[in-house]
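One structure below.
The values are calculated or read from the model by the stated rules, or taken from the named source; none is laboratory data. Quick caveat: nothing in here was measured; it's all calculated off a predicted structure. With ideal geometry, Cβ positions are generated from the backbone for all residues, glycine too; neighbour counts draw on all protein chains shown. What goes into the accessible areas is simple: the full protein's heavy atoms, side chains included, and nothing from ligands, DNA or RNA. Shrake-Rupley method; radii C 1.70, N 1.55, O 1.52, S 1.80 Å.
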Amino acid sequence: MRANYNLVLCTCPDQDTAIGIGERLVEERLAACVNLLPGVTSLYRWQGKLQRDNENLLLIKTIGDRFEALSTRLRQLHPYDLPEIIAVPITDGLPDYLSWVTECTN
């Protein structure tokens, strides 16, 4: 199966926020699955200063056609002024799993 799929990365400030966002994305069929990885340490520059924060990383599986809507919804739900929203193309995968992703996001 060759279709347009994405793995979207998004960090959240805490577990409750990450779970809430993940649940909404799946409930609204913008994502088939969201994995939450706690305990991520993020180092970055923000407003001219080096920052270090403990965050939770969301791994969001979706179809390419849903990325715009997913990105818009993430911006609405997210507490950060500038949330990390990065789509990485999924170039291949287990066909049955990819079919399931399509089914869950349509």
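Evaluate the following for Gly39: is it closer than 21 Å to Glu68 by Cα, out of contact with any Phe, Trp or Tyr (no Cβ under 8 Å at 6 or more places or on another chain) and not in a loop (DSSP other than H, G, I, E, B)? So Gly39 does not fit the description; no. Residues that are under 11 Å from Asn6 (Cα atoms), outside any strand (DSSP E or B) and open to solvent by 60 Å² or more (accessible area, probe 1.4 Å) within segment 78-98 comprise Thr91, Asp92, listed in sequence order. Per this entry, Leu57 is counted among residues that are part of a strand (DSSP E or B) and not hydroxyl-bearing (Ser, Thr, Tyr). The residues listed here are Arg52, Arg45, Arg29, Arg75; of these, the one that is over 13 Å from Cys10 (Cα atoms) and either in contact with a Cys (Cβ under 9 Å, 6 or more places away or on another chain) or part of a helix (DSSP H, G or I) (or both) is Arg29. Residue under question is Glu68, and the condition is that it be closer than 23 Å to Asn4 by Cβ, open to solvent by 30 Å² or more (accessible area, probe 1.4 Å), touching a residue at least 24 places away in the same chain (Cβ under 8 Å) and among the acidic types (Asp, Glu); does it hold? No: the conditions fail for Glu68. In segment 40-48, is there at least one residue being under 18 Å from Leu7 (Cα atoms) and open to solvent by 60 Å² or more (accessible area, probe 1.4 Å)? Checked against the condition, which is being under 18 Å from Leu7 (Cα atoms) and open to solvent by 60 Å² or more (accessible area, probe 1.4 Å), segment 40-48 yields no hits at all.
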